[in-house]
Amino acid sequence: MDQAIDIEGAVKRYGTVTALHGVSLSIADNEFFTLLGPSGCGKTTLLRMIAGFEDITAGEIRLFGQNIARLEPNQRPVNTVFQQYALFPHMTVIENVGFGLKMKGFDATQRKARAGQMLEMVHLSDYADRRPSQLSGGQQQRVALARALAPEPKVLLLDEPLSALDLKLRQAMRVELKQLQEDTGITFIFVTHDQEEALTMSDRIAVMSSGRVQQIGTARDIYETPVNRFVADFIGETNLLEVTVSKADGDTAEVILPGGHHLICPAAGARLGQQHLSIRPERLRLAHGAGQLSATVQRVVYLGTDLHVMLVLEGGTQLVARLQNSRQLSAPEAGAHVFLDLDDGAARLLAD
Amino acid sequence: MAFPLLLPTWAMIGIFLLLPVILMAIYSFLTKEFRGGVVWEFSLAAYDQFFVNRGLFGDEPATLEWTYIGIFWRSIWQAIVATTICLLIGFPTAWFIATRAPTTRGVWLFLITIPYWVNLLIRTVSLKFLIRDNGPLNEFLMGLGVIDSPLPLVNTNLAVQLGLFYSYLPFMVLPIYAAVERYDFAYSEAAADLYASRWVIMREIIMPIVKPGIIAGCILVFVPSLGAFLAPDLLGGAKTFMIGSLIEEQFRGSLGNWPFGAAVSMILMSLVLMALLFYARSMAREGTR
């Protein structure tokens, strides 16, 4: 079985600037795949390349085995939901949704039936004869979705489609998008800079930075086992410590923190000498009596569901712990001396 | 009571727009004075002269007068051709400018408007000089050996067309430029994404969206072309007599006929207004569709 999308060594150069440095990735059929990264990381360039709006400097893009890298956009069986929707202002909603069908040669009756069906799917049947300008942002977004899905593309490309919506609507649309993807069985490639969006919807995520794919994996993979400093830092909150690896044998490694504390952590990616260590704030616990680390509480921030505890280890290293706010928790006070324990595997060594 | 802020505007419109038109309308219903001017006495003679033919001595049965309708028809036709040529050349020009980098657009627009810093009369005369029998154009073509004898360009319809085109091209370019510059090329991408070819994108997406600019350009070229008298007078000859020249003749020297000139102007203005009204109605209908 061919992959829905196979990208091999995709390079994009604008003059002397390289936007993509040989990106390779495979996306399975019926997958919700997200390209995640900060602005300028090349995620949108990659998406536009799949759509055909940017030509490829070098490399290959295969869609179910067929090389599409040099086809015109109108010859590629993929459709796009644009960031600003790009709904045709001179057409009604139903004409917008039917446009792709018209281009594919469906007659007026078929178009009307299928476009009507699509509008029903996005709950906009009552708005068929409106103009896009008469709709709210959320409604326009649904029309853009319906328009892109109507011609039954093999792959749907979504370019930050939720970024123009307000928070409430954005959160509702995440669930709806995922549902839509499961219902239609179409492969979605979703571009976003919002990690929460990526984590909630995606089957797999490719984290990108400066024109390269840093890591590909499920939400759990990239959150819990980030391969490098960029991923650990970009996804969620983390404590990044500069440590010295003193011993690495078998499954575990011993590291020395700046203050002289010793910690045992999984050996994955360890090499002797200076390295970075990532500890997720929610993986730190207050210990009763003695613990792995001793620290002084600097400040406690109340966040409702959580307490944000800022700590200083002996030796001056700063740490943040996120403690779940429960009735059992006796909140530490600023200035107090506490011991900390780490969950198993909470500390991870990073390859840069 | 507060000072009516719109008063200056209304005063301007009243003095410079309404008053002359009203005056013209009144004059068209007065009796002509023989050395120019009018006698303040109501008369329909001007309109009668325009529409009704009673023979050379005014004693034959009234029939429809075709002379002036013919001139109107020729002028309208001439204006339509000039507008079409301006559109065919102006649209690609405007497109070209609007799709340059923002920093160089200003330069191109500046270049387009430079010739218009020179008086229209002088420009038209220069054009005549350029295309006359022993002018630079003919000498150049003969020098190349393309032609043996000079092309007789002056005093032809072609020369008048050239003059109108040259006079009014920027009025076509500028509104279209403004429309294309506002056009969001994401629409073109969206259409291409939905399987539309370049040609279909032009016809079904770009054209309808920039249409207001095209129509504005056409009106701005068509209306002055219809009433133009410099280009037809200087570049054309007796065979290319136009409305503008007809009106101008009525007010010149002692041979003119003011009421008749006013009547011709009123008829021309009514035609233009009707055309605009028709356009506005059709646009309004489209907007509510």
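The values are calculated or read from the model by the stated rules, or taken from the named source; none is laboratory data. On a predicted model such as this, the values are computed, not experimentally measured, just so you know. Reconstructed Cβ throughout: ideal geometry from the backbone, glycine too, with neighbour counts over all protein chains shown. Side chains are part of the model used for accessible areas, which takes the heavy atoms of the whole protein and leaves out ligands, DNA and RNA. Shrake-Rupley method; radii C 1.70, N 1.55, O 1.52, S 1.80 Å.
I'd like the Karplus ³J(HN,Hα) series for region A:112-125: coefficients 6.51, -1.76, 1.60, θ = phi - 60°, whole numbers in Hz, and an x wherever there's a Gly or Pro.
5, 5, 5, 5, x, 4, 5, 5, 4, 4, 9, 6, 10, 4
Spelling out what I want: for every residue of region B:212-217, take phi, set θ = phi - 60°, compute 6.51 cos²θ - 1.76 cosθ + 1.60 (Karplus), and round to whole Hz; glycine and proline get x.
x, x, 5, 5, 4, x
Binned at 5 Å from 0, what are the whole-percent values of the Cα-Cα distance distribution for region B:68-250, short to long?
Per 5 Å bin, starting at 0, the Cα pair percentages come out as 1, 8, 14, 15, 15, 14, 12, 9, 6, 4, 1, 0, 0.
Go through region B:195-271 and name the trypsin sites (Lys or Arg not before Pro) that are in a DSSP coil and have 13 or fewer other Cβ atoms within 10 Å of their Cβ.
Those satisfying the criteria are B:R252.
So what is Rg over Rh here for region A:1-77, counting just Cα atoms and using Kirkwood for Rh? It would help to have the intermediate numbers written out before the result.
Working: Rg = 12.1 Å, Rh = 12.7 Å.
My calculation puts Rg/Rh at 0.95.
Please get the size of the charge dipole for chain B, origin at its Cα centre, with Cβ charges of +1 on Lys and Arg and -1 on Asp and Glu, quoted in debye to the nearest 20.
The calculated dipole for chain B is roughly 480 debye.
Restricting things to alpha carbons, tell me how big the protein assembly as shown is in terms of Rg and Dmax, in Å.
37.9, 129
To the nearest 20 debye, what is the magnitude of the charge dipole of region A:86-191 about its Cα centre, counting +1 on the Cβ of each Lys and Arg and -1 on the Cβ of each Asp and Glu?
140
Just want to confirm a number: the relative contact order over chain A, from Cα pairs under 8 angstrom separated by 6+ residues, in percent. Provide the component values of the computation, followed by the final result.
Values: 766 pairs, mean separation 53.7, N = 352.
With pairs under 8 Å counted, the relative contact order is 15 percent.
Compute the semi-axes of the equivalent ellipsoid of region A:237-350, taking the square root of 5 times each eigenvalue of the Cα gyration tensor, and list them largest first in whole Å.
26, 14, 12
In whole angstrom, how far apart do the alpha carbon centroids of region A:140-162 and region A:168-241 sit?
If we compute the Cα centre of each part, the gap is 19 Å.
Sequence-distant or interchain residues sharing an amide H contact under 5 Å with A:L284, placed H: which?
Those qualifying (amide H under 5 Å, at least 5 residues apart or on another chain) are A:R322.
Any idea which of A:P161, A:T238, A:H288 is furthest toward the positive side of the dipole for chain A, if Lys and Arg beta-carbons carry +1 and Asp and Glu beta-carbons -1?
Towards the positive end, the residue furthest out is A:P161.
What are the equivalent ellipsoid semi-axes of region A:5-229, built from the alpha-carbon gyration tensor (square roots of five times its eigenvalues), in whole angstrom, biggest first?
Values: eigenvalues 174, 83, 47 Å².
They are 29, 20, 15 Å, listed largest first.
Based on Cα coordinates alone, diagonalise the gyration tensor for region A:108-185, multiply each eigenvalue by 5, take square roots, and list the semi-axes in whole Å, largest first.
Whole-Å semi-axes of the equivalent ellipsoid: 20, 17, 10.
List every residue whose amide H lies under 5 Å from the amide H of A:Q214, counting only residues 5 or more places away in sequence or on a different chain, with H placed 1.01 Å from N in the peptide plane.
Residues meeting the criterion, in which the H sits 1.01 Å from N, are A:V207, A:M208, A:S209.
Please tell me the relative contact order of chain B in percent, rounded to the nearest whole number, where contacts are Cα pairs under 8 Å and at least six residues apart. Spell out each step's value before the answer.
Working: 318 pairs, mean separation 80.5, N = 289.
With pairs under 8 Å counted, the relative contact order is 28 percent.
Could you pull out every residue, at least 5 positions away or on a different chain, whose amide H is within less than 5 Å of the one on B:L151? Hs are placed 1.01 Å off N in the peptide plane, and Pro or chain starts have none.
none
Relative to a virtual label point 7 Å from the Cα of B:R203 in the Cα→beta-carbon direction, which members of region A:88-129 show backbone nitrogen distances below 13 Å?
Only A:103 fall inside the zone, counting backbone N under 13 Å.
How big is the dipole moment of the protein assembly as shown about its Cα centre under a simple scheme where the beta carbon of each Lys and Arg is +1, that of each Asp and Glu is -1, and everything else is neutral? Debye, nearest 20, please.
1280
Got a number for the accessible area of B:Y166? Probe 1.4 Å, square angstrom, nearest 10.
B:Y166 exposes around 80 Å² with every protein chain in place.
Over what distance in Å are the Cα centres of region B:25-56 and region A:115-136 separated?
Taking the Cα centre of region A:115-136 as reference, the centre of region B:25-56 is 62 Å away.
Region B:258-279 to region A:263-315: how many Å between their Cα centroids?
Distance between centres, Cα-based: 87 Å.
So for region A:5-229, taking the charge dipole from beta-carbon charges (+1 Lys/Arg, -1 Asp/Glu), which of A:S136, A:Q214, A:T225 sits furthest toward the positive end?
A:S136
Could you bin all the Cα-Cα distances of region B:1-56 into 5 Å bins starting at 0 and give me the percent of pairs in each, rounded to whole numbers?
Once binned at 5 Å, the Cα pair distances of region B:1-56 give 4, 16, 16, 16, 14, 10, 8, 7, 5, 3, 2, 1, 0.
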